[in-house]
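Everything on this sheet refers to the single structure shown next.
The values are calculated or read from the model by the stated rules, or taken from the named source; none is laboratory data. Computed from a predicted model, the values in this text were never measured in an experiment. Positions of Cβ are generated from backbone atoms using ideal geometry, with glycine treated the same way; all protein chains shown enter the neighbour counts.
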Amino acid sequence: MVLQEGDAAGTLTRTAVSHIGFSVPDPFRTAYFYERVLGLVVHEESPDGRLRLGWGGGHHVIELIEGEKGLRHYGFEVRDVDGIDGIAKRLADSGHNINSLDAEYIDAAVGTGVGVVVSDPHGTPVHFHSPVQRHGESTADTSRRPIKYQHITLATDNVESLTDFFVNVIGFRISDQLDDGRFAWLRSDRDHHTLAVVDVGQGGDIDHFSFDLADWADFKAWCDRLTDEDVNVTWGPGRHGPGNNLFVFFDDIDGNHIELSAEMEKFHDDRVTYVPRRWRPIPNTVNLWGGQLASWRRTSEGN
């Protein structure tokens, strides 16, 4: 199956991931994990018990909500000129129900913040908001906390539907896909992907989410750090084919898969014509270094 790009593809060129919200049985216990392991701190506790975590200043990165484990919402920061208006128009023209985003999600706005929220094809709310302050990021001791939140990968049973929504309505582009159509990597800025979509047989949840490290030297420090914190490395270190990025994976205490990544491939769409690549669905595609896979990752060929 070849995933298709329409007229809206590539409309967004300065849009990045902003935040992710998921439910866990004990938000305070989970917050402590993220504080201890990733250096995140609680920015705010809502009256209803929601915890928002970040790196000490600016916009929050994670929102923890009490409940059964699952994805509750995810968000993108739109820095494109007239980007929010363009997204809202394309959503309306496609028949989607749009609402204004609550001010609490853009309380670190640069200037006057605006935002919209819409349900993705699985019914999960997606937030799109104007630029916010992110000064808590990119100032890290990179051996003790990542540089920034980098991308989200959604679990689905319909890669085509989610890809069509984000590419042909929202305005992302396809960077790469597996030849069997079961994995797609989408970009909305110069990074190879800010969003990926993988078929795991069911939809509406996180497959994993990723944080940036500075460079290869950080991976040794982080693997040692995870060991010191009694957190097992579940996959890697390795290098992906699509994106060409270095990676290592571990799980939080609720079983969410977390990736640490570096050296992501960059795209300069204003200077080249690019045709999305189609990769063989084999282990050596998703891990160039010998094809080792995580226990929860499968490819349709070569396992």
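Any residue that is more than 23 Å from Arg173 (Cβ to Cβ) and without any contact (Cβ under 8 Å) to a residue 12 or more places away in the chain - is there at least one of those in segment 25-40? So far as segment 25-40 goes, yes, one or more of its residues are more than 23 Å from Arg173 (Cβ to Cβ) and without any contact (Cβ under 8 Å) to a residue 12 or more places away in the chain.
Yes or no, residue by residue, for (1) part of a loop (DSSP other than H, G, I, E, B); (2) closer than 23 Å to Gly75 by Cβ; (3) out of contact with any helix residue (DSSP H, G or I) (no Cβ under 6 Å at 6 or more places or on another chain); (4) modelled with pLDDT of 95 or more:
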residue: Val197; (1), (2), (3), (4): no, yes, no, yes
residue: His208; (1), (2), (3), (4): no, yes, yes, yes
residue: Phe219; (1), (2), (3), (4): no, no, yes, no
residue: Trp222; (1), (2), (3), (4): no, no, yes, no
residue: Gly236; (1), (2), (3), (4): no, no, yes, no
residue: Ser261; (1), (2), (3), (4): no, yes, yes, yes
residue: His268; (1), (2), (3), (4): yes, no, yes, no
residue: Val275; (1), (2), (3), (4): yes, no, yes, no
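For Arg90, the conditions (1) modelled with pLDDT of 90 or more; (2) assigned to a loop (DSSP other than H, G, I, E, B); (3) of a type in the set (Lys, Arg) are fulfilled apart from (2). Of everything in segment 145-170 that's more than 16 Å from the chain's Cα centre (by Cα) and touching a residue at least 60 places away in the same chain (Cβ under 8 Å), which residue is surrounded by the most Cβ atoms within 10 Å (Cβ to Cβ)? Ranking the qualifying residues of segment 145-170, first place goes to Arg145. Only one entry in Gly111, Gly57, Gly83 is at pLDDT below 95, under 21 Å from the mean Cα position of the chain (by Cα) and over 18 Å from Asn256 (Cα atoms), namely Gly57.
Check whether at least one residue in segment 281-295 is surrounded by 13 or more Cβ atoms within 10 Å (Cβ to Cβ), of a type outside the set (Val, Ile, Thr), under 21 Å from Thr156 (Cβ atoms) and touching a Pro at 6+ places or on another chain (Cβ under 6 Å), and report yes or no. Yes, that holds for at least one residue.
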